[in-house]
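The values are calculated or read from the model by the stated rules, or taken from the named source; none is laboratory data. Everything quoted here is computed from the prediction, not taken from an experiment. Heads up, the Cβs are rebuilt from the backbone with ideal geometry, glycines too, and the neighbour counts pull from every protein chain shown. For accessibility, only protein heavy atoms count, side chains too; no ligands or nucleic acids. Shrake-Rupley method; radii C 1.70, N 1.55, O 1.52, S 1.80 Å.
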Amino acid sequence: MHSPEDQLEILKRGAAQILSESELLTKLRLGRPLNIKLGIDPTAPDIHLGFTVCLQKLRQFQDLGHQAILIIGDFTAMIGDPSGRSKSRPQLSHDIIMQNAQSFQQQAFKILDPSKTQIVFNGDWFEIMNFEQIIRLNSRVTLQQMLHREDFRSRIERGDSVRLHEIQYPIIQGWDSVMVKADVEIGGTDQLFNILVGRDLQKEEGQPEQVVFLMPLLEGLDGVQKMSKSLGNYVGVTEAPTEMFGKIMSISDTLMARYYLLLLGQEMPDMHPMDAKKNLARSLVARYHGPEAGAAALEDFNTRFSKRDLDQAELPEVAITSLGADIVSAVVAAYSSAFNITKSRGDARRLVEQGSVQLRSEKVSDQKTPPEFRPGDVLRLDKTRAVRLIG
């Protein structure tokens, strides 16, 4: 058993902000399992590694003896969280949301301990509220509070619309905390406003206020912007093992320590950067696909890149007719077709100049002369990606 002080030190690792550490320590000293809330809106069937940062912290609370409450926002998902958004989210039907929720739970339990996880749907309480109750709930929050949100304010200043249903979102998320009597709510740094609303509503209801526990927004494969499907810099939890492994191997060395801490809850091992990156990729594949898949993905990577035996490796296929006339166009097209990654011509040009692009194991340096592509050729795009050309 860990003392409250030891628990606090463990939980602080990787956190972006805790409001406040003293409040959390006081709750840890209560001598009972705390209710740790994490809400998710199943707006898509699959999740990427960026979201697992919060799941990893929730698992850490579980391992310390606390109760995880995973709120499936079947009601809030129909609104769409406006946090950090430059425009309104498209509204989804309840049937689609429930299908997504089932898929999400399966993926979440690859991290969470099911025996210490309570699954609740916020539609259970919101769908039975009448209009008078909704009006009374809205009366607790002012329009000025809502307009203090940077995302709403920025949209208004640009002349973009902020729809009234979006203003409901923080209120609804906050009421979830009241309903489950949350002691702590975990969220990304973009959730600060929403979680603070929950504290206010809990106080009005005579409940102890939840601790705000914010986790960083994980940078994507580009190492700059947060991981996002729309930006194409993500690693999906359900992606094929070899694809997941290859994507992880493409991150920068400077990003490795952050991925270890936020995705595995570990310090980066003291080893050669290439070995550390392989260990990171193998560990993540093993978490989501099993130890055998992790070992196989490592072996496949070594075959394809470390041993440079690309001719015998299983590679994504790209039609020669889709590549364009010059090597820069070919690189852009191959990334998009085989890996669903958007590369600008400038990005592709830099890869060529750096000597990363190879055709038939030979570096391509001439950007002007149209390359001679043949069926069966291997076109290497960077250190971790290559494709096989077909007619």
| field | region 362-388, residues that are under 21 Å from residue 321 (Cα atoms) and small (Gly, Ala, Ser) | value | 376, 386
| request: Please verify whether region 135-143 includes one or more residues that are of a type outside the set (D, E, K, R), under 14 Å from residue 73 (Cα atoms) and out of contact with any Ser or Thr (no Cβ under 6 Å at 6 or more places or on another chain). | output: no
| query | Out of all the residues in region 377-390, which are open to solvent by less than 40 Å² (accessible area, probe 1.4 Å) and either out of contact with any Lys or Arg (no Cβ under 7 Å at 6 or more places or on another chain) or among the aliphatic types (A, V, I, L, M) (or both)? | reply | 378, 379, 380, 381, 382, 384, 385, 386, 387, 389
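Take the residues in region 232-241 that are over 19 Å from residue 54 (Cβ atoms) and in contact (Cβ under 8 Å) with a residue 24 or more places away in the chain, then tell me which one is most open to solvent (accessible area, probe 1.4 Å).
241
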| remark: When restricted to 275, 309, the only residue out of contact with any Gly (no Cβ under 9 Å at 6 or more places or on another chain) and at pLDDT 85 or above is 275
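What number of residues in region 95-133 are open to solvent by 60 Å² or more (accessible area, probe 1.4 Å) and not aromatic (Phe, Trp, Tyr)?
Residues of region 95-133 open to solvent by 60 Å² or more (accessible area, probe 1.4 Å): 95-96, 98-99, 102, 106, 109-110, 114-116, 118, 124, 127-128, 130-133.
Imposing the further condition that a residue be not aromatic (Phe, Trp, Tyr) reduces the set to 95-96, 98-99, 102, 106, 110, 114-116, 118, 124, 127-128, 130, 132-133.
Residues in region 95-133 being open to solvent by 60 Å² or more (accessible area, probe 1.4 Å) and not aromatic (Phe, Trp, Tyr): 17 in total.
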| said: Against the definition (β-branched (Val, Ile, Thr) and under 23 Å from residue 277 (Cβ atoms)), how does residue 390 come out, yes or no? | reply: no
| query | Filtering region 312-329 down to residues that are under 16 Å from residue 361 (Cβ atoms) and assigned to a helix (DSSP H, G or I), which residue is modelled with the highest pLDDT? | reply | 327
| query | Which one of 316, 371 is farther than 23 Å from residue 251 by Cα and of a type outside the set (Gly, Ala, Ser)? | reply | 371
| request: List every residue pair whose Cβ atoms lie under 8 Å apart, where the two residues are 6 or more positions apart in sequence or sit on different chains, the first residue falls within region 158-186 and is at negative phi, and the second residue, located anywhere, is of a type in the set (Ser, Thr, Tyr) and modelled with pLDDT of 95 or more. | output: 185/177
| task | Please go through region 330-347 and pick out each residue that is over 20 Å from residue 364 (Cα atoms) and either buried (at least 17 other Cβ atoms within 10 Å of the Cβ) or modelled with pLDDT of 90 or more (or both). | result | 339, 341
| task | Identify all residues within region 281-295 that are within 12 Å of residue 244 (Cβ to Cβ) and hydrophobic (A, V, I, L, M, F, W, C); write none if there are none. | result | 281, 284, 285, 286, 293
| message | Restricting to region 197-247, give me the number of residues that are aliphatic (A, V, I, L, M), within 27 Å of residue 148 (Cα to Cα) and touching a helix residue (DSSP H, G or I) at 6+ places or on another chain (Cβ under 8 Å). | response | 9
| task | Answer yes if at least one residue in region 141-150 is modelled with pLDDT of 80 or more, exposed (fewer than 15 other Cβ atoms within 10 Å of the Cβ), hydrophobic (A, V, I, L, M, F, W, C) and assigned to a helix (DSSP H, G or I), and no otherwise. | result | yes
| query | Considering region 114-140 alone, what residues qualify as being of a type outside the set (A, V, I, L, M) and not in a helix (DSSP H, G or I)? | reply | 117, 118, 121, 122, 127, 130, 139, 140
| request: Specify the residue that is farthest from the chain's Cα centre (by Cα); the eligible residues are those in region 362-391 that are hydroxyl-bearing (Ser, Thr, Tyr) and either over 22 Å from residue 245 (Cα atoms) or assigned to a helix (DSSP H, G or I) (or both). | output: 369
| query | If you check every pair at least six apart or on different chains, which have Cβ atoms under 7 Å apart with a residue in region 193-206 that is closer than 15 Å to residue 17 by Cβ first and a residue that is part of a helix (DSSP H, G or I) and at pLDDT below 95 second? | reply | 193/170; 194/170; 194/173; 194/174
| Just checking, which of 184, 180, 212, 197 is modelled with pLDDT of 95 or more, over 19 Å from the mean Cα position of the chain (by Cα), buried (at least 19 other Cβ atoms within 10 Å of the Cβ) and farther than 26 Å from residue 9 by Cβ? | 180
| Is there any pair with a first residue in region 357-385 that is free of Cβ contacts under 8 Å to residues at least 60 places away in the same chain and on the phi > 0 side of the Ramachandran plot and a second that is surrounded by fewer than 19 Cβ atoms within 10 Å (Cβ to Cβ) and polar (S, T, N, Q) whose Cβ atoms are under 7 Å apart and which are 6 or more apart or on different chains, and what are they? | none
| said: Which pairs turn up if I take residues in region 38-66 that are open to solvent by less than 20 Å² (accessible area, probe 1.4 Å) and look for partners that are among the acidic types (Asp, Glu) with beta carbon separation below 7 Å, at least 6 apart in sequence or on another chain? | reply: 62/113
